[in-house]
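I have placed the structure first, in the form of structure tokens, so that the comments after it can refer back to it.
Read-outs throughout are calculated quantities, based only on the coordinates presented, and are distinct from any laboratory measurement. Everything quoted here is computed from the prediction, not taken from an experiment. In this analysis, Cβ positions are derived from the backbone assuming ideal geometry, glycine residues included, and neighbour counts consider all displayed protein chains.
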Amino acid sequence: MLGSPRCHGLTEWGGVMAVMIAWSDEFSVDIQEIDEQHKCLVSLINKLYEALARKDNQDTIADVFDELVRYTRVHFSVEECLMRLFAYEGYEQHKTIHDKIVVRVELLHAQFKAGDQSVGMELLYFLKDWLMDHIQRVDKSFAGHLTAHGVKQKWLRKFW
């Protein structure tokens, strides 16, 4: 996939790994493409957490923040495309949820770019709460619909 983030590579400092969210199989929706994208989102949230915890310079944090915002949009587009292709009845409601999240993330992103560094942690906690709840409740429901209508659960091979 074009523009896919570097989904791994957290570092250690002081013997402690900077992880805000640890991926668990309980988050799996049993569709590999969506799971891999969710893992990338988790990794990017952890990268932002790590950069903030290390007190990296503003440009480094901004780069990770930008990547997270971009990838969130990509991920939502993929989910929404699948919902439309497989005639998911909850598409409009799900898209409305995505749209609200994008508005909130973009607002926090704009505040950060304007110099409000405190929004980095606010974004992290918002995304952590949203991602865990959204995957467990909303995405699992639509993934069940996709699987029941013929979406392949596993890749033939990794393309991105």
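Going by Cα centres, the stretch 26-44 and the stretch 48-93 are how many Å apart?
Taking the Cα centre of the stretch 48-93 as reference, the centre of the stretch 26-44 is 12 Å away.
Counting Lys and Arg as +1 and Asp and Glu as -1, what is the net charge of the other residues whose Cβ lies under 15 Å from the Cβ of Val103?
+1
What does the highest-first list of 42-54, 118-130, 63-75 look like by mean Cβ count within 10 Å?
Averaged packing, sorted descending, gives the order 42-54, 63-75, 118-130.
Can you give the angle from 0 to 90° between the axis of helix 119-133 and the longest principal axis of the chain, with both taken from C-alpha atoms, to the nearest 10?
20
Give me log10 I(q)/I(0) at q = 0.09, 0.10, 0.11 Å⁻¹ for the chain, Debye formula, one equal scatterer per alpha-carbon, no solvent.
Here the Debye-derived log intensity ratios amount to -0.30, -0.37, -0.45.
I need the calculated FRET efficiency for the pair Arg73 and Gln93, taking r as the beta carbon distance and R₀ as 25 Å, to the nearest 0.05.
0.85
What nm distance separates the two modelled labels at Trp23 and Gln58, each placed 7 Å from Cα along Cα→Cβ?
Between Trp23 and Gln58, the simple spin-label model gives 3.4 nm.
Which of the pairs Lys39/Lys113; Lys47/Lys152; Lys100/Lys154; Lys39/Lys140; Lys47/Lys154 have their Cα atoms more than 22 Å apart in this structure?
Violating the 22 Å limit, Cα to Cα: Lys39/Lys113; Lys47/Lys152; Lys100/Lys154; Lys47/Lys154.
If you stretched the chain out fully between Trp155 and Lys113, how much longer would it get, using 0.36 nm times the residue separation minus the C-alpha to C-alpha distance?
Contour length minus the Cα-Cα distance gives 11.3 nm.
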